[in-house]
Amino acid sequence: MSGNPESNLQPIPPFHDKNEDTPDIGGGLPIIQYWAKHTLSPEGPKLWKTLLHHSACLSCSWGTGGQKGGFTNEDGEKLQRCMKSVEAISAEIKPAVPPEVFEQRSIRELQQLTSREADRLGRLSFPMILRSGRDHYERISWSEVYEMIVEEFRKAPERVASYSSGRSSNEAAFLLQLMMRSLGSNNLADCSDLCHSPSTFALQKMLGTRTSIVSLESLKKADCVVLAGANSAYNHPRLMNELIKLRDERGGKVIVINPMMETGLVKFGSPAFPIKSLIPGSDISSLYLQPIPGSDVALFTGIQKALIEKGLSKIDFLQAYTENWEAVVETARSTPWAILSETCGVSQTEIEAAAEIIGSAKGVVFGWAMGITQHDNGVDNVFSIINTALISGNIGREGAGVMPVRGHSNVQGFGSMGVTTQELKKGLQTALERLLGRPLNDVKGYDTRALIEAADKEKVDTLICLGGNLYGANPDSAQAKRALSKVSTIVYLSTKPNIGHFNGLAKHTTIILPVLNRFENPYKTTTESGSNFVRLSDEGTTHLKHGDLRPEVEFLTELAHRIHGEYPVDWRKLRDPKFIRHLIAETVPGFEKMATIDETQEEFTIGGRIVMEPKFSTPSGKAVMFVPPLPTLTLPDAQSFDAPDAIRGVVVALMTGRSYAQHNTVVYQVEDKYRGMPHRNCILMHRSDAEQAGLSEHQRVTVQGNVGKLENVEVIYGAVRPGAALMFYPEVNVIFSAKIEHRSGTPAFKRVPVLVYASAK
C-alpha cells in the first residue's frame, strides 16, 4: 500500500450506480432558477426585504445574518444565503390561514393533510382552541387563554412538561427553562434529544464541552475535513462553500463517510463562486466511504489502527494530554482487520487510504451529523470519532478539532440556555440555584422520548410546546398520537400549522397560539450558531397587519407572572428582552458579553468554547478517552415480521431522512431530484437488494416495520450500499418503534429493520 495519499483517492464511492433522473452535480443552476422564480414572483419584494433584514437565518445552524447583514456570515463573507433560507422565509411570509379553513374543516379532515399541505395553509394569525368533544378549532382570546391554562401549570411539577425546537430565540429559551425550573420541573424536552444529544453527551464526557470546538476562522485553516453521516449539500449548504475553498484554494482533502452517495457531496455548484463553481460544479469528496449503517465505531477504529500501524499516530500527544489512551490504542492495534472490515463493510485498503490522508494533513476537522448520532450506539460513534481526532493529534490547535454539525438554527442556543434534561454545567446550575434561592430539583426530567413514554402512561397533565412538531418528529406515530391524547392540556406556540396540530391532540384542551418569527419581533433577539457565535437580530414587523399574534417573550413572561408572581424575578419587567439578556449574562457561563450587546451591537463567540490548545474542561484538564465496543449489526429474518408466509421479500436496514427540499418535518417540495425520487412514498434501494427479492425499479411494494407498514411504495434504484435503503421522514415514522440510545435518549432513525415485498395486486 502506497504511503502517498494522492494515490489512494476515491472521489466516487464503490456503490455509485444512480438512476438516470439524478443530476451530475448538487446545487448548480437549479438554485438560481429557484431564486429567480421566487424573487420575481409577487412575493419577491417581501422576500428580498426579509433576506436583507439584519436577522439570523431561519434554517440551519450554519449561522448567517445578524448585525453583519442578511447575506453575511460571522467572518464578514458575502453571498452566504442558500436555497433553504429562501424556502424557510417564503413559507413565513405567506398570507394568514383564512378563518374559514378552521371553521369548515373538521379535525378528521385536517388530519388527512400531508406535512406540505399543512404548511401551505399559510400563517397562523389568531389563537385557537379545540375543546373536548368538539371537532373544529375555534377562535379564542388571549385573555381566555391565560385564564384557562394558568391552573394547568400549577399541577404537580413532575406532571408538567415542555417541548421546544431551535426556531425560537435565546431569550425565549431562557424564559422557558426558568419558568419550568421555578415550578420545580426538569421536564425540558427538546428537539435535539431526537438528533444531537449523543454528541452533547460524548463531548461532555471526553472534552468537558457540549458543542463544536472549532470556529469558522479555525475551519478555514484546516487542510482536511472528515464529514461523517452528514448530508450538508442539502441540509447545511453554506458549509459547502468552506469545503469548496478547502479543495480549490488550499489544495486540501475531504473524506466523506455515508452509506449513500449524495451527489452534492461528490460535486457541488455554489452560487457563491459563480464562475468557477456554479455550472461546472466543484469537486468535494477526495475519498468517499460507504459503511454499513451503524458501523461507524468499526470504521473509525480501523482508521485508528491504520494510523498506528503506519506510524502516523501522535503518541507523545496522547501521553501529554489524554487519559485512558493506552486502552484505546491497544484495542485498535489488537482488533483484527478482518473483523473491522467485515463489521463496517469497508475494505482495509479504503480505511488505510483514509488514515493516510488524515495522517499527512496539517490540520483535520472532524464533522458529523445525524447519520452518526441517530443509532442505538450513537454515543459510541461519537466517542470513536473523537478518539480518532486525538490519536491523530487533531484537537487543541488551529485548523483542527471536532465539529458536530447542527441542523436547526438555534438548537444549540437552547442547550446553552439550560433547556436540557442532561446534567447542567456547574456554573449554570450554581447561578440558577442562587437565582431561585434553593437547590434545583435533582430528579431527571423527561427527554423527548421519555416524555412520550410518560404521557402514554398518563403521567403528564400539562404540556407546552415552543415551536417544533412533537407528534411528527417521533417514531411510532400511533404511539405518539395515543400518548398525547392522554395529556389533559397541550399548548402549541407556532408560526405555521403542522401535522402535529391536527394529530397531537390533548385529552381535554388543545390550544394553538400564533407567535411572531425572529424577523418580525418588535425587539432585538439573539441566537447561537453551530460554531458558538451569538447573532443579534434586529427589530422587525409582521406582514399580518390584521392578525392577533404575540411575541413569544411577551406570552411567556405574562404566563410566568400569573403562575409565579414575582418569584424569582419580576417577570413583567423581562417583557423587554434587554433585561433577559442581562440575566443571561449573569447566569450562563460564556455569555458575559450579552450584558452590553444592546449598547455595543457586538456579536461574539461564546467564551471558553473554541479550543486552541490541548487544555480541556475536564477534572484533570486532559481529554478522557473511552473504548467503545464494536457493534453487533444483524437484521431479523423475514419470518420475524408480521407478513404473509408465502411472500418473497428482502430485509434491509432503512435509514430515515429528509428530502432535498425539507427542513425538519416541514416539506417544501414533494420530489427529491438529487436522489431521483419523484415523490414522498418511495424507497431508495440498491439494485441487487431489489432483484434478490424479485422486485424491479418503479414497482410498487409494501414496506413493513415492527409496528406498521406502508403500501404502494415505489422502488427507486439508487447509489446506496447493498443492505441499506432510504425513506422519507416524517411519513415513514408510522411503521417503526425505534431502539433508543440509552445514555442520550436518541432514537435509532438511521438503522430501522424493514421487510420489503411486492404489494398484493
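So the values come out like this:
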quantity: Anisotropy class of region 506-663 from Cα gyration tensor, a/c 1.5 cut; calculated: oblate
quantity: Value of [θ]222 nm, deg cm²/dmol, for the chain, DSSP H segments ≥ 4, -39500 (n - 2.57) each, nearest 500; calculated: -9000 deg cm²/dmol
quantity: Theoretical gain in end-to-end length, Ser41 to His546 [0.36 nm per residue, Cα-Cα removed]; calculated: 179.5 nm
quantity: Burial ordering of Ser759, Ser286, Ser270, fewest other beta-carbon atoms within 10 Å first; calculated: Ser759, Ser286, Ser270
quantity: Tail fraction, Cα-Cα pairs, the chain, threshold 49 Å, whole percent; calculated: 11
quantity: Considering only region 638-758, percent of DSSP beta bridges that pair antiparallel, nearest 5; calculated: 70
quantity: FRET efficiency for Asp598 and Glu151, using Cβ-Cβ distance with R0 set to 30 Å, rounded to 0.05; calculated: 0.25
quantity: Relative packing of peptides 413-424, 441-452, 619-630, 490-501 - highest average C-beta neighbours within 10 Å first; calculated: 490-501, 413-424, 441-452, 619-630
quantity: Charge dipole (debye, nearest 20) of the chain; +1 at Cβ of Lys and Arg, -1 at Cβ of Asp and Glu; calculated: 680
quantity: Ranked list, fewest to most other Cβ atoms within 10 Å of each Cβ, for Thr587, Thr618; calculated: Thr618, Thr587
quantity: Computed lengthening from His742 to Val443, 0.36 nm per intervening residue step minus Cα-Cα distance; calculated: 105.9 nm
quantity: Diffusion constant of region 92-180 at 25 °C, which comes from Stokes-Einstein with the Kirkwood Cα-pair radius and 0.890 mPa s, µm²/s; calculated: 156
quantity: Spherically averaged projected area in nm², based on the convex hull that wraps the Cα atoms of region 263-349; calculated: 8.3
quantity: Extent along principal axes [Cα atoms of region 122-223; Å; largest to smallest]; calculated: 60, 37, 24
quantity: Efficiency of FRET between Gln33 and Glu423 - r from beta-carbon atoms, R0 41 angstrom, step 0.05; calculated: 0.25
quantity: Likely footprinting exposure, His196, His686, His543, fewest C-beta neighbours within 10 Å first; calculated: His543, His686, His196
quantity: Region 638-758, relative contact order [Cα under 8 Å, separation at least 6], %; calculated: 37
quantity: Largest-first principal axis extents of the Cα set of region 445-554 (Å); calculated: 44, 38, 20
quantity: Relative counts (whole %) of C-alpha pair distances in region 195-325, using bins that are 5 Å wide; calculated: 2, 9, 14, 18, 21, 18, 10, 5, 2, 0
quantity: Local net charge near Glu152, Cβ-Cβ under 13 Å (Lys/Arg +1, Asp/Glu -1); calculated: +2
quantity: Mean Cβ count within 10 Å, highest first, over the residues of peptides 742-753, 399-410; calculated: 399-410, 742-753
quantity: Which of Ala693, Cys682, His501, positive extreme of dipole for the chain (C-beta unit charges); calculated: His501
quantity: Percentage relative contact order, region 213-285, counting C-alpha pairs under 8 Å, at least six apart; calculated: 30
quantity: Simple label model, 7 Å out from Cα along Cβ direction - Gln699 to Gln104, nm; calculated: 4.4
quantity: Radius, Kirkwood style, for region 638-758 when every pair of distinct Cα atoms is counted (Å); calculated: 14.5
quantity: For region 297-417, alpha-carbon Rg relative to the globular expectation (2.2 N^0.38 Å, N residues); calculated: 1.09
quantity: At q = 0.14, 0.15, 0.22, 0.30 Å⁻¹, base-10 log of I(q)/I(0) for region 711-761 (Debye sum, equal scatterers on each alpha carbon); calculated: -0.46, -0.53, -1.00, -1.38
quantity: Restraint check, Lys267/Lys739; Lys253/Lys305; Lys305/Lys739, Cα-Cα greater than 32 Å; calculated: Lys267/Lys739
quantity: Nitroxide proxy distance, nm - points 7 Å out along Cα→Cβ at Arg434 and Thr114; calculated: 5.4
quantity: Net charge, Val651 excluded, C-beta distance under 14 Å - Lys, Arg +1, Asp, Glu -1; calculated: 0
quantity: Net charge over other residues, Cβ less than 12 angstrom from the Cβ of Lys457 (K, R count +1; D, E count -1); calculated: +1
quantity: Relative contact order computed over the chain (Cα-Cα under 8 Å; 6+ residues apart), in percent; calculated: 21
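Every number here is computed from the coordinates shown, using simple stated rules; none is lab data. Keep in mind that this is a model prediction, so the values were computed, not measured. Here Cβ is always computed from backbone atoms with ideal geometry, including for glycine, and neighbour counts include all displayed protein chains.
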